[in-house]
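Novice: The following block contains the structure, expressed as structure tokens.
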């Protein structure tokens with residue numbers, strides 16, 4: 001690697017901390033003073049519209065970040081910098097603590113910057129501030145289908161008001177196939193597509209039997225909405241049993257699916273429903289070991305009085321993209337299913 005002067009690298013190393021200090025003071029001009037006043041300066045964030053070119057657009061983005069938060073604090077615990085001649089660059093990782101109108105969030109964050117000496121000052125000509133993909137497993141290059149589904153639904157916000165039950169809640173069911181990429185490689189594209197069509201038909205037919213509404217599908221993942229939490233769980237049970245029958249009849253092409261469910265109160269334009277509730281249901285499914293059904297503590301509380309659903313002991317788990325621990329419960333769907341499944345879930 002080319003090495004520059006220590007002074008240049010010291011200036012680059014200071015940038016993330018100055019950036020954090022200006023944001024903590026909610027000093028819009030202080031953040032902007034770190035950028036070159038140039039039409040080609042670039043700032044890139046996480047959002048689909050957060051590619052800003054020119055100092056005027058950079059100002060618009062920084063102002064939006066401040067306007068949409070009550071407080072923003074950055075804590076960088078990993079910073080590296082280098083330089084070559086009149087150019088330096090810096091990369092940092094840490095946590096962004098955001099105080100919003102409805103919640104307080106601790107979000108992993110990454111920052112990179114390219115600096116140039118302009119009139120004697122080291123100024124940013126390119127900066128990138130974003131959050132890592134919460135649904136992407138360690139060792140994987142792409143997020144899971146369930147995470148893609150959840151993010152798409154958060155963005156599209158389909159009208160689910162007609163899916164509200166008498167208690168005002170909507171129950172969400174997420175499903176996907178375990179190790180679908182491994183199956184595809186093992187079977188080949190033609191046999192895999194045939195198996196995927198069979199899987200899709202089984203999933204959709206069981207959802208229809210239980211009055212489930214297909215919100216969205218992606219790859220081998222599905223999201224359904226139900227007016228009744230009990231019907232949603234019964235659907236997941238019948239789905240697992242239908243998959244088991246398929247496997248008995250097709251031992252050379254077995255399927256294993258996971259199911260995750262959660263119920264949330266649905267009101268029009270509800271940010272919390274399309275944020276936390278959708279994410280929680282998706283992450284429960286993502287966590288679940290193959291061949292199992294897991295539900296949130298709220299959904300268990302809403303349905304256990306019926307007496308026809310057997311729950312195992314609860315577990316407190318850390319789910320990606322959600323702060324704190326979540327209490328979840330396994331649903332027993334066959335006699336041989338131990339209610340406290342000890343499989344290795346995806347952490």
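Novice: Answer yes or no as to whether residue 83 is surrounded by 15 or more Cβ atoms within 10 Å (Cβ to Cβ) and assigned to a loop (DSSP other than H, G, I, E, B).
Specialist: Numbers: surrounded by 15 or more Cβ atoms within 10 Å (Cβ to Cβ): yes; assigned to a loop (DSSP other than H, G, I, E, B): no.
Here the answer is no, as residue 83 does not meet what is asked.
Novice: Still on this structure, please answer the following. Out of 97, 61, 102, report the one residue that is surrounded by 13 or more Cβ atoms within 10 Å (Cβ to Cβ) and either at pLDDT below 90 or in a strand (DSSP E or B) (or both). Working first, answer last.
Specialist: Details: 61 fails: either at pLDDT below 90 or in a strand (DSSP E or B) (or both); 102 fails: surrounded by 13 or more Cβ atoms within 10 Å (Cβ to Cβ).
From the options 97, 61, 102, the qualifying one is 97.
Novice: Then there is this: Would you be able to tell me the number of residues in the range 11-57 that are over 19 Å from residue 76 (Cβ atoms) and assigned to a helix (DSSP H, G or I)? Full working, then the answer.
Specialist: Initially, the range 11-57 is screened for residues over 19 Å from residue 76 (Cβ atoms), giving 28-29, 32-33, 36-42, 47-57.
Going one step further and asking which of them are assigned to a helix (DSSP H, G or I), we end up with 28-29, 32, 55-57.
The number of residues fulfilling the criteria is 6.
Novice: Quick one: would you say residue 8 is in contact with a strand residue (DSSP E or B) (Cβ under 6 Å, 6 or more places away or on another chain), part of a helix (DSSP H, G or I) and closer than 22 Å to residue 123 by Cβ?
Specialist: Numbers: in contact with a strand residue (DSSP E or B) (Cβ under 6 Å, 6 or more places away or on another chain): yes; part of a helix (DSSP H, G or I): yes; closer than 22 Å to residue 123 by Cβ: yes.
It is true that residue 8 is in contact with a strand residue (DSSP E or B) (Cβ under 6 Å, 6 or more places away or on another chain), part of a helix (DSSP H, G or I) and closer than 22 Å to residue 123 by Cβ.
Novice: Identify all residues within the range 175-192 that are surrounded by fewer than 16 Cβ atoms within 10 Å (Cβ to Cβ) and in a helix (DSSP H, G or I); write none if there are none. Show your work before the answer.
Specialist: We begin by selecting, within the range 175-192, every residue surrounded by fewer than 16 Cβ atoms within 10 Å (Cβ to Cβ); these are 179, 181-182, 185-186, 188-191.
Passing the criteria: 181, 182, 185, 186, 189, 190, 191.
Novice: What pairs come up if the first residue lies in the range 25-39 and is touching a residue at least 12 places away in the same chain (Cβ under 8 Å), the second is surrounded by 14 or more Cβ atoms within 10 Å (Cβ to Cβ) and in a loop (DSSP other than H, G, I, E, B), and their beta carbons are under 6 Å apart, counting only those six or more places apart or on different chains?
Specialist: From the range 25-39, the pairs are 35/41; 39/54.
Novice: Still on this structure, please answer the following. From the set of residues in the range 301-330 that are touching a helix residue (DSSP H, G or I) at 6+ places or on another chain (Cβ under 6 Å) and farther than 23 Å from residue 151 by Cα, which is modelled with the lowest pLDDT?
Specialist: For the range 301-330, the residue satisfying everything is 306.
Novice: Still on this model: Yes or no: the range 193-209 includes at least one residue that is in a loop (DSSP other than H, G, I, E, B) and either at pLDDT 85 or above or more than 16 Å from the chain's Cα centre (by Cα) (or both). Show your work before the answer.
Specialist: Step one: list which residues in the range 193-209 are in a loop (DSSP other than H, G, I, E, B), which gives none.
Within the range 193-209, not a single residue is in a loop (DSSP other than H, G, I, E, B) and either at pLDDT 85 or above or more than 16 Å from the chain's Cα centre (by Cα) (or both).
Novice: Turning to a different aspect of this structure: Right, residue 54: over 20 Å from the mean Cα position of the chain (by Cα), within 18 Å of residue 11 (Cβ to Cβ) and surrounded by fewer than 17 Cβ atoms within 10 Å (Cβ to Cβ) or not?
Specialist: Numbers: over 20 Å from the mean Cα position of the chain (by Cα): yes; within 18 Å of residue 11 (Cβ to Cβ): no; surrounded by fewer than 17 Cβ atoms within 10 Å (Cβ to Cβ): yes.
So residue 54 fails the test.
Novice: What's the number of the only condition in (1) assigned to a strand (DSSP E or B); (2) modelled with pLDDT under 95; (3) under 23 Å from the mean Cα position of the chain (by Cα) that residue 117 fails to meet?
Specialist: Looking at each condition in turn, residue 117 falls short on (3).
Novice: What residue, among those in the range 127-160 that are over 30 Å from residue 171 (Cβ atoms) and surrounded by 18 or more Cβ atoms within 10 Å (Cβ to Cβ), is modelled with the highest pLDDT? Don't jump to the end; show me each part of the working.
Specialist: Within the range 127-160, the first condition is being over 30 Å from residue 171 (Cβ atoms), and the residues that meet it are 127-130, 138-139, 141.
This time we only want the ones that are surrounded by 18 or more Cβ atoms within 10 Å (Cβ to Cβ), so: 127, 129.
Working: 127: 97, 129: 93.
Here the answer is 127.
Novice: Okay, moving on. Check whether at least one residue in the range 66-73 is under 19 Å from residue 10 (Cβ atoms), outside any strand (DSSP E or B) and either in contact with a helix residue (DSSP H, G or I) (Cβ under 9 Å, 6 or more places away or on another chain) or touching a residue at least 24 places away in the same chain (Cβ under 8 Å) (or both), and report yes or no. Reasoning before the result, please.
Specialist: Applying the first criterion (under 19 Å from residue 10 (Cβ atoms)) to the range 66-73 yields none.
No: zero hits.
Novice: Being within 23 Å of residue 236 (Cβ to Cβ) and surrounded by fewer than 16 Cβ atoms within 10 Å (Cβ to Cβ) narrows it down to one of 198, 171, so name that one. Lay out the reasoning, then the answer.
Specialist: On the way: 171 fails: surrounded by fewer than 16 Cβ atoms within 10 Å (Cβ to Cβ).
Of 198, 171, the one residue that is within 23 Å of residue 236 (Cβ to Cβ) and surrounded by fewer than 16 Cβ atoms within 10 Å (Cβ to Cβ) is 198.
Novice: Do we have any residue at all in the range 270-291 that's at pLDDT below 90 and not in a helix (DSSP H, G or I)?
Specialist: Checked against the condition, which is being at pLDDT below 90 and not in a helix (DSSP H, G or I), the range 270-291 yields at least one hit.
Novice: Can you list residue pairs whose Cβ atoms sit under 6 Å apart, with the first residue in the range 210-223 being in contact (Cβ under 8 Å) with a residue 40 or more places away in the chain and the second being part of a loop (DSSP other than H, G, I, E, B) and surrounded by fewer than 16 Cβ atoms within 10 Å (Cβ to Cβ)? Count only pairs 6 or more apart in sequence or on different chains.
Specialist: Every condition considered, the pairs that remain are 215/158.
The values are calculated or read from the model by the stated rules, or taken from the named source; none is laboratory data. The model shown is predicted, which means the values in this text are computed figures rather than measured ones. So basically every Cβ, Gly included, is an ideal-geometry build from the backbone, and we count neighbours across all protein chains shown.
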